[in-house]
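This report refers to the structure that appears directly beneath it.
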Amino acid sequence: MDLFSHTTEAQRINELTEKLNYYTDRYYQDAVSEISDEEFDFLLKELEKLETENPHLKRPDSPTHRVGGTITKEFKAVEHRYPMLSLSNTYNEQDLLDWDERIKKVLTDRPYEYICEIKFDGISLSMTYENGVLVRGVTRGDGTKGDDITTNVKTIRTLPLRISDFGFGNEIKTQLEALKPETLNFEVRGEGFMPISSFERINQEREDIGESPLANPRNAAAGTFKMQDSGEVARRGLDCYIYQFLSDNDAIKTHEESLLMLKKAGFNVSPTWRKVADIQGVIAYINEWSEKRHSLPCATDGIVVKINDYAQREELGFTSKSPRWAIAYKYKAESKSTLLKGVTFQVGRTGAVTPVAELEPIELAMTTVKRATLHNADEIVRLGLQIGDYVFVEKAGEIIPKITGVDKSKKPVLSDQKLVFPTNCPACGTELKRNEGEAATFCPNDKGCPPQIKGKVEHFIQRKAMNIESLGEGKLELLFDKGLVRNAADLYDLRYEQLLGLEKITVDEETGKERRVSFKEKTVQNILDGIEKSKQQPFAKVLFGIGIRFVGETTAEKLAAYFKTMDALQVADFEALRSVPEVGERIAQSVLEFFKEVDNQEFVNRLKASGLQMEAENIVVEIEGNALEGKTFLYTGTFENFSREELENKIEANGGKLVSGVSKKLDFLIVGEGAGPSKLQKAQQLGVKMINESEFIALLG
Ligand code: IVH
């Protein structure tokens, strides 16, 4: 860090910020990679390091904001400069024709045009740019005031952190500067959303840890935008379509111009918009997109029609809630009726028994639907279902098929099966249970019920946990069938001779094709090597793999970082667990319950004996490195990942020196929660660098 003088550090930070933003823009706007991923990461790392050492030089448009890392305790409420209104809704053609008539009566002196857009189903966001730099991202809130979620908004990779000042950017900049020479101050609004692909991935992960899936991408987006850990937000891959430009200047005269300009400046404007000459054009657009919208990457629920010309918009004005110049048309959720052929009851890894409707296949929102979850016993009663009924099927949030009721207009097909929720587990015969006040029915035989034990081992070997790929493609199945594996600890006792020659023929349900799984020498060696290699997986992965309910990948990482060892975690009490960032009552309770069970203790002990990683990697307090060599440190406040003692150890283990007070000689003041104001003030007066916890961690390299 002493390689550069102060000004060169600033110059280098500027240079790297500009360069990396340029490459990102090229990548997201033009789909061109001018440098390799490795080169990009290398430069990004250099920038991260420089910013950590010089936090005051970090620019608001630094690409390092994209990866998150900031924890926000509470989002500040901020007032919108321009209120965020809603739209009035219509559900049929006639309402639209009536609206057009009303417009016609007001706009008498010249023709008007409409812009049609897709109505994206996420949450509305407002982004403020000052001097061309993104400074704030705010939710709609009550329309007057919203929550400042800037750190989360900055993780949206398609949202420019600064409007481009290269190539076509210059043109825009001059255009805007011509309007308001001194600044580039404006707001853009758009719909923040979770792409359907991310939604599906996250729901898979939730099911994995026994959490109920999120109902639809809209809820998922709303929840994610309000998460406190922006690193997690970044991981979830949110996106945003921009549909509105607001500023005090008046050079832009139409909505069309604004969309073209936004696009040119690098904003993510969905290319689905169209200018039409009249309401018939609107209706054609509605019909065109009624099916096609299901192929978009974002959930949609209708279209928005807007008057193109700004002067005409002004003439039309607003009602108290919404503009008169725009209206939403909502597509009816497509509903089709089909035959309920039967109901199967599936037992998951956590023992929950889920009824699943088996349907006569139908086409719905561009996919074939054969099955739909019925969630639980109450849902069957609520819908009054019987096998042989015709039922209405819809897609909730356009994605997940859902049964909404019985189609009474169609005569049921006589069936000899009655639809009753089983009293015993369909997989193992154990009597099912339902806890008071809970909707789920479950099989309590968690140690002996085949789908539960299989599910647990499958969870354990998956890529995100122990990553034992060599057990994929039916191989694990064979080990179950032969009674060689009943829980994940058994994997580590498997021997070559036990496996060699095992064989099984399976029939694929869909295709009817036979598949032979047989363990020859090479396969067996491969399996054993994979199992052996998994012993190197870090502690956090082991912790995720053992399958404590509600402990997903991120929670496992947080627990591992906090407690450092399995031994410490096993004896942690409720309070200690609750002090871990993002661990709430439900997770804390679940961890306690897991370790209380003797079977689980034995299971974990067997894994320990097999040599799996049971300690976080950075546990050693002896010399770890020399990243802090020659630097002096002082800290104030409390920290999320370290106790005071741990922080002191960490500094010393990495070559740093602790000092007792703020002086000119102090290199870094590490600032935590509830930091002492006198230390802060003094550090500021003396120009001492102040860093937060994550910056300290980054310093360690
Ligand atoms: S224009 C004055 N355009 O729908 C209102 N809104 O019901 C300006 N939305 O809060 C909104 N896609 O969250 C507009 N292409 C689009 C939209 C859109 C989705 C949402 C937005 C707004 C809500 C209004």
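The values are calculated or read from the model by the stated rules, or taken from the named source; none is laboratory data. Computed from a predicted structure; not experimentally measured. Note that we place each Cβ from the backbone using ideal geometry, even for glycine, and neighbour counts take in every protein chain shown. The area values use the complete protein model at the heavy-atom level, side chains included, leaving out ligands, DNA and RNA. Shrake-Rupley method; radii C 1.70, N 1.55, O 1.52, S 1.80 Å.
Figures for the structure shown
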| read-out | value |
| --- | --- |
| Residue count, the stretch 305-336 (criterion: closer than 18 Å to LEU85 by Cα, more than 12 Å from the ligand (Cβ to nearest atom) and among the aromatic types (Phe, Trp, Tyr)) | 1 |
| Pair list, Cβ < 6 Å and 6+ apart or interchain, from the stretch 505-531 residues that are open to solvent by 80 Å² or more (accessible area, probe 1.4 Å) to residues that are aliphatic (A, V, I, L, M) | GLU514/ILE505; GLU514/VAL507; ARG516/ILE505 |
| Residues of the stretch 26-54 that turn out to be in a loop (DSSP other than H, G, I, E, B) and open to solvent by less than 30 Å² (accessible area, probe 1.4 Å), as a count | 1 |
| For PHE550: the one exception among (1) surrounded by 20 or more Cβ atoms within 10 Å (Cβ to Cβ); (2) not in a helix (DSSP H, G or I) | (1) |
| Looking only at the stretch 439-461, and only at residues there that are touching a Phe, Trp or Tyr at 6+ places or on another chain (Cβ under 9 Å) and open to solvent by 40 Å² or more (accessible area, probe 1.4 Å), the one that is nearest to LYS533 (Cα to Cα) | LYS454 |
| Matching entry among LEU479, LEU499 (being of a type in the set (A, V, I, L, M, F, W, C) and within 38 Å of the chain's Cα centre (by Cα)) | LEU479 |
| Residues of the stretch 55-73 satisfying the condition of being more than 25 Å from the chain's Cα centre (by Cα) and buried (at least 19 other Cβ atoms within 10 Å of the Cβ) | ARG59 |
| Which numbered condition ASP98 fails, given (1) in contact with a Lys or Arg (Cβ under 9 Å, 6 or more places away or on another chain); (2) without any contact (Cβ under 8 Å) to a residue 24 or more places away in the chain | (1) |
| Residue match in the stretch 409-422 (condition: in contact with a helix residue (DSSP H, G or I) (Cβ under 6 Å, 6 or more places away or on another chain), closer than 17 Å to THR354 by Cβ and open to solvent by 30 Å² or more (accessible area, probe 1.4 Å)) | yes |
| Matching residues, the stretch 357-376, being farther than 21 Å from ALA299 by Cα and buried (at least 19 other Cβ atoms within 10 Å of the Cβ) | ALA357, LEU359, LEU374, ASN376 |
| Residues located in the stretch 277-304, provided they are of a type in the set (A, V, I, L, M, F, W, C), within 16 Å of the ligand (Cβ to nearest atom) and under 25 Å from TYR112 (Cα atoms) | VAL282, ILE286, TRP289, ILE303, VAL304 |
| Matching residues, the stretch 260-276, being under 21 Å from LEU161 (Cα atoms), within 12 Å of the ligand (Cβ to nearest atom) and open to solvent by 50 Å² or more (accessible area, probe 1.4 Å) | none |
| From ALA675, ALA616, residue being in contact with a strand residue (DSSP E or B) (Cβ under 8 Å, 6 or more places away or on another chain) and either surrounded by fewer than 17 Cβ atoms within 10 Å (Cβ to Cβ) or free of Cβ contacts under 8 Å to residues at least 40 places away in the same chain (or both) | ALA675 |
| The listed residue being touching a helix residue (DSSP H, G or I) at 6+ places or on another chain (Cβ under 8 Å) and of a type in the set (Lys, Arg), out of LYS306, LYS332 | LYS306 |
| Residue match in the stretch 249-259 (condition: surrounded by 17 or more Cβ atoms within 10 Å (Cβ to Cβ) and in contact with a Cys (Cβ under 7 Å, 6 or more places away or on another chain)) | no |
| Conditions (1) free of Cβ contacts under 8 Å to residues at least 24 places away in the same chain; (2) over 19 Å from ASN424 (Cβ atoms): number failed by GLU469 | (1) |
| Some residue of the stretch 537-554 being of a type in the set (Val, Ile, Thr) and over 22 Å from ALA489 (Cβ atoms) | yes |
| Test result for ILE149, surrounded by 17 or more Cβ atoms within 10 Å (Cβ to Cβ) and under 27 Å from THR254 (Cα atoms) | no |
